[in-house]
2 protein chains.
Amino acid sequence: MTHHSALSGADVLCDTLLDHGIDTCFANPGTSEMHFVAALDRKPAMRCVLGLFEGVVTGAADGYARMADKPAATLLHLGPGLANGLANLHNARRAGSPVVNIVGDHARHHLPYDAPLTSDIETLARPMSAWVRTIPDPSHIQSDTATAVAVARGKPGRIATLILPADVAWSDSAGGGHAAAPLDTPGLPSPETMRKVVERLRNGRRTVLMLGGGALRAAPLATASRVAQGCGARLLAPQSNGRMERGAGRVAVNRVPFSVDSALRSLADAEQLILVGARPPVAFFAYPGKPGSLLPAGCEVVELAAEGEDPVATLDWLADELGSSAAPLPLLEAPGAGPLPSGGLTPASLITALGRLMPEHAVLCDESVSSGRDLFEQTRGAAPHDYLQITGGAIGSGLPMATGAAIACPDRRIVCLQADGSGMYTLQALWTQARERLDVVTIILSNRRYAILHAELKNVGAGAAGENARRMLDLDDPALDWVAMARGMGVEGVAVHTVESFAGALRSALARSGPFLIEARLQT
Amino acid sequence: MTHHSALSGADVLCDTLLDHGIDTCFANPGTSEMHFVAALDRKPAMRCVLGLFEGVVTGAADGYARMADKPAATLLHLGPGLANGLANLHNARRAGSPVVNIVGDHARHHLPYDAPLTSDIETLARPMSAWVRTIPDPSHIQSDTATAVAVARGKPGRIATLILPADVAWSDSAGGGHAAAPLDTPGLPSPETMRKVVERLRNGRRTVLMLGGGALRAAPLATASRVAQGCGARLLAPQSNGRMERGAGRVAVNRVPFSVDSALRSLADAEQLILVGARPPVAFFAYPGKPGSLLPAGCEVVELAAEGEDPVATLDWLADELGSSAAPLPLLEAPGAGPLPSGGLTPASLITALGRLMPEHAVLCDESVSSGRDLFEQTRGAAPHDYLQITGGAIGSGLPMATGAAIACPDRRIVCLQADGSGMYTLQALWTQARERLDVVTIILSNRRYAILHAELKNVGAGAAGENARRMLDLDDPALDWVAMARGMGVEGVAVHTVESFAGALRSALARSGPFLIEARLQT
């Protein structure tokens, strides 16, 4: 007789996650996940963070991964629970964030009944996942879980979705079983590609070195800066990035502008584009009569450090190969030197003040949308910070992202710059911030409208808003009171109308522990 | 030369919706839908209702369809916007609610660039839709839109998802083009099936007549009651139903209980089951050692009025065929006769009070989950009302459903009984209620936990909650303040702790116009 341990399938799954370094689980479980929840009770090493809506759960997993450089698990309830989390998985996918989703399903023998909560989970998962698998039986739990983690941890990070039938979770399992499929570790681009790039970097043509993903941390940016200075290229970053290390003392890099016309101008002189962990720049939306590619005609593109290749190692190799000498970094002025603006709060004055007041090593989460157009420029010389953006355009990213970043970095200050319309998508994140006592300062940019859409209505050539359009673009009737909503979820806050009161509120929020919300009522 | 009108593709789509009787559009648009928004500006006949999150948009369309007996359109922004609305589309699908989704996509020529917001919309739509189509070019707008409406209006109602590329929306269109595909109109079951059922109803065996969908309105229920009384059958309804007309003076029908053991007992004596617009009863979830089908062994099932057949006409035919004479309806006692309970607010005392105080022809939207287990029984003799439930188990249905029902029925009182945990999923619906000045009274059942999951943890055999489990099932740290959250979205409210204060608040809420929220703090 063989010995059977008392472990359930859910225990094996949890243990495998822990064995592979995943010790944080953002969750909103339901009945089909109760055995997983029971297993978590037996694993004090796993930190469980509840979100009151799955968009919070997946958005927090995205923010966590960007700062922890490893995946968290999510725990989601069947197809609808996954569906609620898809928008922020879309953002995570575009950010290259690793995430391991555990989605409960009905017991396998229950599926043919098509019970009310039944849906096609694999199909729902596929568009936002690099890898989807339903664990077919208890003997595959360990191997499938290990494979999910390995897929997620590729370069760039990926979304792996593991579907756990309830009866597999509640099965007795002796552990063991099938071995995980081995995965390639990320390496350098092919020697051929590397030779081609070295040749290009020496040919004297006007060159843009566009950096994305892991190349946007402080050390590879410094390496890239040496390479660029050595061969007369300039650095550029995509419009949206998962994480960028920047601020005073670090290499500054511009981004491709959001507006098509500005983006075209910024790239007009490029004769060749070397991509390191980035993709060719394209317009965010199509507009009648405007191009989709942002590159000038004839610009040659070479892609380095794409899927499965390591952008940091690639840059190191390039610097060595080109003999790029250590050039002085473009050190920027220390922040806070200039005076604060004063008077009525506008997007510009708020952002200037924020740049001056931001603390050292803050994590700045940005879903400021239209009000934040100057944010990037105005925080260029701010205290060194990490800059995290909405990456996939699926709004409702900011508050959950800040929540997850705070879980990953308990010793850092998180500042979330959040547009009001987008913030309403996942406002439930504030409750998780209160429950977990997270040091997050949320700044709501309250202009009481989908301001970007008023502009876009004109951009697409549809003209100014009439009655029906205004009813779909304006949020002023009734006005949202963010301080009241935050209080309802256990987060203190204050509304401010002037730069002086904003600066006072921000200083005091940064000096306390736990979450705080500042509703910045903007003059529009 | 042919004459070209100045209509855009988006105008043609709107006109086609209006031509087919769709005059309400629940929306949360983005850049790719701006031409559609501009077209709506030219169509004052189309009522546009903004939801601050897509779960509100689709849930409102579900509630609207249940009460208006016709579809509304939704307007959703690309894949993530659709994804946010999928959970309530899942509920709508299970309710048999007709919905026509208009989902904007990038311009066709922009898709190959894989811009940040690009995703596979058709794949996302399929699990929750009966029909999905991307309009291939402007000449198909009219026919595809007409087909979408026809599909949605089938019996039962269906989810039709029409994907509108931005360049098709902004194209010049002369209208016309392809004809819509003709669709079958719903009819009676086959003569063979009907003969079989008549034979069964006369064979003297113990028979359950299970009614679903359109058979749960007052008139077909009366017909079914005559049929059942004539042949000794009893009536039963599924556990979850899109809409049921009930209350004093109407035929009362029991539902299959939620708990597996109770459900098995309620059906234990059935020798045959005749389904009229309903599906065979199954367990909501699987539990170790319990069956999935709720029918006793050997029970014969005959399915009438399935897909494409009309349950109301079917019941009329049966009554005629069986010569069912007009039997007196089981008239129920008038409500409000008994005294109100008093003292501390419990689920039972709240529900008794609600049953007594509910006004005539109210629409009762029920997402009360665990606290509402007695609601159905306790409102059996209440004033005549429509009863709308969460149908697919995807929580976050109640507040949006009530919002849509109120848009459909401006002359009726909407009462929404909403569990607190589920309510947090789509709380943004309160803002739409305030903006549209809807007569909705929301009663939040505040027990500050996912109470159902504490029970389910035991039901699945996983035991009582420990530390990690409690952190995922309890909502008391911090406590949610619903009155503050509602005020933040422009809805007045009050918190109550006793039956007396609840009754006072409910009476006053029902006497005023516009939305109101009562946070019922339950003794647990």
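The range B:9-170 has equivalent-ellipsoid semi-axes of 21, 17, 15 Å, by the square roots of 5 times the alpha carbon gyration tensor eigenvalues, sorted largest first.
Specify, per residue and in Å³, the volume enclosed by the convex hull of the alpha carbon atoms belonging to the range A:191-322.
Values: hull volume 14.2 nm³, N = 132.
It is 108 Å³ per residue.
Tell me, rounded to the nearest percent, the portion of alpha carbon pairs in the range B:347-521 spaced more than 22 Å apart. The answer is 41 percent, as a whole percent.
Starting from 0.36 nm per residue, how many nanometres of slack lie between residue A:185 and residue A:198 once their C-alpha separation is accounted for? Before the final figure, lay out the partial values.
Values: separation 13, 0.36 × 13 = 4.68 nm, distance 2.39 nm.
Using 0.36 nm per residue and subtracting the Cα-Cα distance, I get 2.3 nm.
Most tightly packed first, judged by the mean number of other beta-carbon atoms within 10 Å of their residues, the peptides B:21-27, A:507-513, B:374-380 read B:21-27, B:374-380, A:507-513. Farthest toward the positive end of the dipole of the protein assembly as shown, out of B:408, B:324, B:482, is the Cα of B:482, where the dipole comes from beta carbon charges about the Cα centre.
Projecting label points 7 angstrom from Cα along Cα→Cβ for residue A:467 and residue A:437 puts them 5.5 nm apart.
Would you mind giving the three semi-axes, in whole Å and largest first, of the ellipsoid equivalent to the range A:460-506 according to its Cα gyration tensor?
Working: eigenvalues 197, 52, 14 Å².
Sorted largest first and rounded, they come to 31, 16, 8 Å.
Among the listed pairs A:70/A:155; A:290/B:43; A:290/A:458, which are separated by more than 18 Å between their Cα atoms? Cα-Cα > 18 Å for A:290/B:43; rest within.
Got a sec? What order do A:70, A:196, B:43 fall in by accessible area at 1.4 Å, biggest, i.e. largest, first? Write down the numbers at each step before the final one.
Numbers: A:70 45, A:196 95, B:43 20 Å².
The ordering from most to least exposed comes out as A:196, A:70, B:43.
Students often check this: by mean Cβ neighbours within 10 Å, which of A:249-259, B:281-291 ranks highest, and how do the rest follow?
On the way: A:249-259: 18.4, B:281-291: 20.0.
Result, highest mean first: B:281-291, A:249-259.
Considering only B:277, B:82, B:189, and ranking their Cα positions along the charge dipole of the protein assembly as shown that arises from unit charges at the beta-carbon of Lys, Arg, Asp and Glu, the one farthest toward the positive end is B:82.
When only the Cβ of Lys, Arg, Asp and Glu is charged (+1, +1, -1, -1), the dipole of the range B:191-322 relative to its Cα centre reaches about 480 debye. Taking label positions 7 Å along the Cα-Cβ direction at both residue B:497 and residue A:47, the computed distance is 3.6 nm, reported to one decimal. In nanometres and ascending order, the distances from the residue B:194 label point to those of the other copies are 8.0 (point 7 Å from Cα along Cα→Cβ).
Calculate how many DSSP beta bridges within the range B:191-322 are antiparallel, expressed in % of all such bridges and rounded to the nearest 5. Before the final figure, lay out the partial values.
Working: 1 of 15 bridges.
Roughly 5 percent of the beta bridges in the range B:191-322 run antiparallel, per DSSP.
Placing a label point 7 Å from Cα along the Cα-to-Cβ direction at residue A:377 gives distances to the equivalent points in the other copies of 6.9 nm, listed shortest first.
Annotation: extensible slack from residue A:360 through residue A:219 equals 49.0 nm (criterion: 0.36 nm per residue apart, minus Cα-Cα distance). For the protein assembly as shown, the Cβ-based charge dipole about the Cα centre amounts to some 900 debye (Lys, Arg positive; Asp, Glu negative; other atoms uncharged). Over the range A:414-506, the reciprocal of the mean inverse Cα-Cα separation, the Kirkwood hydrodynamic radius, stands at 14.8 Å.
Averaged over its residues, how many other protein chain Cβ atoms are within 10 Å of peptide A:426-432's Cβ atoms? Kindly include the intermediate steps, with their values, before the conclusion.
On the way: counts 2, 8, 5, 0, 1, 6, 0.
For this peptide, the per-residue mean of nearby foreign Cβ atoms is 3.
By the Cβ distance rule (another cysteine Cβ under 4.7 Å), the unpaired cysteines of chain B are B:14, B:25, B:48, B:231, B:299, B:409. Here the range A:464-499 is scanned for amide nitrogen atoms under 12 Å from the site 7 Å beyond the Cα of residue A:524 along Cα-to-Cβ, giving A:470-480.
Between identical copies, the spacing of residue A:340 label points, each set 7 Å from Cα toward the C-beta atom, reads 5.1 nm from nearest to farthest.
Sorted into 10 angstrom bins from 0, the C-alpha pair distances of chain A split as 4, 18, 26, 25, 18, 7, 1, 0, 0 percent. Note on residue B:172 and residue A:234: with the Förster distance fixed at 35 Å, the Cβ-Cβ geometry gives a FRET efficiency of about 0.25.
Relative to the Cα centre, the charge distribution of chain B, modelled as +1 at Lys and Arg Cβ and -1 at Asp and Glu Cβ, gives a dipole magnitude of about 1340 debye.
Compactness of the protein assembly as shown is given as radius of gyration and Dmax, 29.4, 100 Å, from Cα positions.
The values are calculated or read from the model by the stated rules, or taken from the named source; none is laboratory data. For clarity, every value in this text was computed on a predicted model and none was experimentally measured. Ideal geometry is used to build each Cβ from the backbone, glycine not excepted, and the neighbour counts take in all protein chains shown. We work out accessible area using only protein heavy atoms, side chains counted, and drop any ligands, DNA or RNA first. Shrake-Rupley method; radii C 1.70, N 1.55, O 1.52, S 1.80 Å.
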